[in-house]
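Derivation of every value follows stated rules applied to the coordinates shown; laboratory data play no part. On a predicted model such as this, the values are computed, not experimentally measured, just so you know. Please note: Cβ atoms are built from the backbone with ideal geometry, for glycine as well, and neighbour counts cover all protein chains shown.
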């Protein structure tokens, strides 16, 4: 990947602008048979707690129109197991890794972050998942509370790496929350997570997922992600943003970057096309070349006159 493909996310520089999205690429090198993971900006792994967690009972994934809904419930082996058994496979293929962590309390987040303190240098950042809506009673949506979100970010400093706060689009306080986590030490925000949704089974009239509701993702949420990125960048132009939500092609990725993102993640598209992150990255770079702009120059152009304002526009 050429230096012209590099992007900057807070204090980090990545050689490429596209990453996998947490929750869709597994905990290790599951997607390696489909693409060169080292050619991506980074691999963001499925969220991990400080301990093993079984997640929700099945069924926990269901189609929802042209999108999908899930209530997997953050199933995972825990950070210690991941460090010993899953991370080495990613390191062996040269991938840059972003660990994603979650917890049921501020203390849980702090413990997971501390467990990552001595992780290998290939773990370049920690994404702090503040926004998963799939826990029982929806009590896991820390990202709806600015003060609580800031408390979590402050408590995760022990990881010793840049932290990206993954926020929720299910609140009208997202700008306030983004400002709070930035002040608390977040290097960037990831915008955004799934929308709260529900699907009913026509044969029973009951929720199709055992847990009831879940997180809605896929192409239909893309416009929501673009608006969320746009609003946060407009209010906080110095805060780095990682854009995610409904990205399935190069233009989707470019759109999030024009709105204010410095890099993007590809998630649900990987279920239909496991090589989607690599394809999206190729298409994004082709789109940039056609418009005579580097990926690093795209961020926020929609706020500054669009492509016509670029020197090569």
- Query: In square nanometres, what is the average projected area of the Cα convex hull of the stretch 248-306?
  - Reply: 3.6 nm²
- Query: Can you work out the FRET efficiency for the pair residue 235 and residue 307, with r the C-beta to C-beta distance and R0 = 22 Å, to the nearest 0.05?
  - Reply: 0.45
- Task: Would you give the gap between the C-alpha center of the stretch 1-31 and the C-alpha center of the stretch 251-313, rounded to a whole Å?
- Result: 13 Å
- Task: Take the Cα pairs of the stretch 80-119, get the Kirkwood Rh, then feed it into Stokes-Einstein at 20 °C and 1.002 mPa s and tell me D in µm²/s.
- Result: 193 µm²/s
- Diffusion coefficient, µm² s⁻¹, Stokes-Einstein with Kirkwood Rh over alpha-carbon pairs of the chain at 37 °C and 0.692 mPa s: 172 µm²/s
- Task: Above 17 angstrom, tally the Cα pairs of the stretch 134-238 and express them as a % of all pairs, no decimals.
- Result: 57 percent
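From the P(r) of the stretch 191-277, could you give the percentage of C-alpha pairs in the tail past 15 Å?
Summing the P(r) of the stretch 191-277 above 15 Å gives 60 percent of all pairs.
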- Note on the structure: Cα-based Rg/(2.2 N^0.38 Å) for the stretch 160-217, rounded to two decimals, is 1.57
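Can you compute the FRET efficiency between residue 107 and residue 8 using 1/(1 + (r/R0)^6), with r the Cβ-Cβ distance and R0 = 41 Å? Round to the nearest 0.05.
With a Förster radius of 41 Å, E is 0.80.
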- Task: Would you please calculate the Kirkwood hydrodynamic radius of the stretch 42-124 over all C-alpha pairs and express it in Å, rounded to one decimal?
- Result: 13.9 Å
- Message: Using a Gaussian network model on the chain with a 10 Å cutoff between Cα atoms, which of 267, 73, 246 fluctuates the most?
- Response: 73
- Ratio of Rg to Rh over the stretch 148-190 (Cα coordinates, Kirkwood Rh, two decimals): 0.95
- Using the eigenvalues of the Cα gyration tensor, what equivalent ellipsoid semi-axes result for the stretch 1-83 when each is taken as the square root of five times the eigenvalue, whole Å, largest first? 28, 17, 12
- Message: Can you show me the helix-derived [θ] at 222 nm for the chain, built from DSSP H runs with n ≥ 4 at -39,500 (n - 2.57) apiece and divided by the number of residues, rounded to the nearest 500.
- Response: -7500 deg cm²/dmol
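Pulled fully out, how much extra length does the chain show between residue 227 and residue 91, if you take 0.36 nm times their separation in residues and subtract their Cα-Cα distance?
Taking residue 227 through residue 91 to full extension adds about 45.4 nm, to one decimal.
Which whole-number percent of Cα pairs in the stretch 53-202 have a distance greater than 25 Å?
32 percent
Set the Förster distance to 35 Å, then compute FRET efficiency between residue 251 and residue 206 from the Cβ-Cβ distance, nearest 0.05.
My answer for the efficiency is 0.35.
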- Note on the structure: Check: C-alpha center the stretch 49-64 vs C-alpha center the stretch 185-230, spacing in Å is 15 Å
- Item | Top of 201, 273, 187 by mean-square fluctuation, Gaussian network on the chain, Cα under 10 Å | 201
